[in-house]
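This report refers to the structure that appears directly beneath it.
The values are calculated or read from the model by the stated rules, or taken from the named source; none is laboratory data. Model, not experiment: these values are computed from the prediction. For neighbour counting, all protein chains shown are included, and Cβ atoms are generated from backbone atoms with ideal geometry for every residue, glycine included. The area values use the complete protein model at the heavy-atom level, side chains included, leaving out ligands, DNA and RNA. Shrake-Rupley method; radii C 1.70, N 1.55, O 1.52, S 1.80 Å.
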Amino acid sequence: LIISKIAHRAKYPNNALIAKAVEVCAEQKIPYLVYGKLQYGKLGNQTLIDFKVNNGFRRIEIPRYYVPLTAKGKLGLKLRPQHGALSLFPGNLVRPALLRRQKWYSLTSKTLKRARSCVIPPT
């Protein structure tokens, strides 16, 4: 996960960090650099996907096998926790909920900024 300040976006710090990571992997003869998931299921964050694809990352399918060892394990696999909680909800409900959450966060952050700017510093 790479988090950089919006103020420095024009300097492309994320691209520089990825380039350095690729350089280190090449020096140590590490054949693959994994940068999280490419697809995020029903979330579909297109800007993040575009960023990864533009930096040369691609999706490689790796088969995963889950073998229950007990009756509790069989029950656990039927509940599908390995797919995450969002897999329980249809995609047409998940996306609008995420957009509402984003709007809520933007509204509350504006309110906080206004409240902070109204505070008079003590003298």
Worksheet item: How about segment 52-106: which of its residues are touching a helix residue (DSSP H, G or I) at 6+ places or on another chain (Cβ under 8 Å) and of a type in the set (S, T, N, Q)?
Response: N55
Discussion item. I'd like the full set of residues that are aromatic (F, W, Y) and without any contact (Cβ under 8 Å) to a residue 12 or more places away in the chain, limited to segment 54-99.
Written reply: Y65
Worksheet item: What tally of residues in segment 68-82 results from selecting those that are part of a loop (DSSP other than H, G, I, E, B) and exposed (fewer than 10 other Cβ atoms within 10 Å of the Cβ)?
Response: 2
Worksheet item: Taking the stated definitions as given, is I62 under 30 Å from A21 (Cβ atoms), modelled with pLDDT of 75 or more, of a type outside the set (S, T, Y) and surrounded by fewer than 10 Cβ atoms within 10 Å (Cβ to Cβ)?
Response: yes
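Yes/no matrix, rows are residues, columns are (1) within 30 Å of V22 (Cβ to Cβ); (2) at pLDDT 75 or above; (3) within 19 Å of the chain's Cα centre (by Cα):
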{"position": "G44", "(1), (2), (3)": "yes, no, yes"}
{"position": "N55", "(1), (2), (3)": "yes, yes, yes"}
{"position": "Y66", "(1), (2), (3)": "no, no, no"}
{"position": "L79", "(1), (2), (3)": "no, yes, no"}
{"position": "V94", "(1), (2), (3)": "no, yes, yes"}
Worksheet, complete the sentence: Restricted to segment 89-99 and to residues being in a helix (DSSP H, G or I) and over 19 Å from K37 (Cα atoms), the residue most open to solvent (accessible area, probe 1.4 Å) is N92
